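The structure appears below as structure tokens.
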Amino acid sequence: MYGAIAGDMIGAPYEFDMSPKVKEFPLFSRDSQFTDDSVMTVAVAEALMDTIGQADTEIKAALIRSMKKWGAKYPDAGYGNMFYQWLHAKDPKPYGSYGNGSAMRVSSAGWLYDTLAQTRHIARLTAEVTHNHPEGIKGAEATASVIYLSRMGLSKKEIKAYIVRAFGYNLSRTCDEIRPGYYHIETCPKTVPEAITAFMEGMDFEDVIRTAVSLGGDCDTLTCIAGGMAEAFYGMPDSIKAEVRNRLPDDMLMVCERFTEEIRNRK
């Protein structure tokens, strides 16, 4: 989960087509701060940890409560308009979105469950409370699947083959082919394949992050998604994790540490 938050922080200064479109840039600056991607990543992780082994209805209810709670704690984190309205609704309902918000908050689902089928099922639940469009669900399931398969030790070739087969994403383009014409767009179909491609091409955790930022587009979310994948495959350098921890408030940090302990106890 720290990997996803690192991606959000590092990508944040380059959102809205502000990317330098190169891999050489300062990894952290004073503008490298968490956004709604990190807040909702923490919210989903907390809800899933609280409901392990419970029924789908209970998991969904916990997800809604947690997202609304954390949204109220950090109301100015940069939420999209539809999601902001959902956060403030008395009886929030899913609204048919296929925005990339379903994929950027799902990383914890890739770590907490013992089978790929269960991982995909829980990822679907995390999407359905808001992003219940088939593409929104697919984005969440695909992201969680990459994380699960990475921590299971599959090769990138095997992971790519599964994602193409199971989800039908076009992963044939290289980052060099994507980069020139890629622009800010906040949908799963135009973010998740690009994040997976950045993950596939990166040589280590930091290189995945730099590759994702170099693509541009919705840079914090794209890099958040890729960072979650990279952490599961490569692990995460202590120096980057320390920077992330230093930039998180205590309440978010407590959930991250609880999550780390949960994963450690499952090994």
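Coordinate-derived values only; no laboratory data. Quick caveat: nothing in here was measured; it's all calculated off a predicted structure. Note that each Cβ is placed from the backbone with ideal geometry, even for glycine, and that neighbours are counted across all protein chains shown.
For segment 109-267, a crude dipole built from +1 on the beta carbon of Lys and Arg and -1 on the beta carbon of Asp and Glu, taken about the Cα centre, is about 520 debye to the nearest 20. Counting every C-alpha pair in segment 129-250, the share spaced more than 21 angstrom apart comes to 36%. Each Lys or Arg adds one and each Asp or Glu takes one away; over the other residues whose Cβ falls under 9 Å from the Cβ of residue 210, this sums to -2. Here the convex hull built on the C-alpha positions of the chain has a volume of 111 cubic angstrom per residue. Considering only alpha-carbon pairs that sit under 8 angstrom and 6 or more positions apart, the relative contact order computed for the chain is 31 percent. If you wrap segment 1-99 in the convex hull of its Cα atoms and look at it from every side, the mean projected area works out to 7.7 nm². Across segment 189-248 the C-alpha pair distances fall into 5 Å bins from zero in the proportions 4, 23, 30, 23, 14, 5, 1 percent. Of the residues 72, 161, 107, the one whose Cα sits farthest toward the positive end of the charge dipole of the chain, with +1 on the Cβ of Lys and Arg and -1 on the Cβ of Asp and Glu, is 161.
Rounded to the nearest 20 debye, the dipole magnitude of segment 34-122 is 220 debye, with +1 charges on Lys and Arg beta carbons, -1 on Asp and Glu beta carbons, and the Cα centre as origin.
When the P(r) is computed for segment 155-222, the part past 15 Å accounts for 48% of the Cα-Cα pairs. Beyond a 29 Å Cα-Cα separation, which of these cross-linked pairs lie in this structure: 93/138; 69/241; 21/73; 73/160? Over 29 Å Cα-Cα: 21/73; 73/160. So what's the gap between the Cα centers of segment 44-78 and segment 131-210, to the nearest angstrom? Centre-to-centre distance over Cα atoms comes out at 25 Å. Work from the charge dipole of the chain (Cβ charges, +1 for Lys and Arg, -1 for Asp and Glu, about the Cα centre) and give the residue of 182, 254, 55 farthest towards its positive end. Value: 55. Highest mean packing first, where packing is the average number of other Cβ atoms within 10 Å per residue, the peptides 95-104, 129-138 line up as 95-104, 129-138.
Computed about its Cα centre, the charge dipole of the chain is approximately 540 debye, with only Lys, Arg, Asp and Glu carrying charge at their Cβ.
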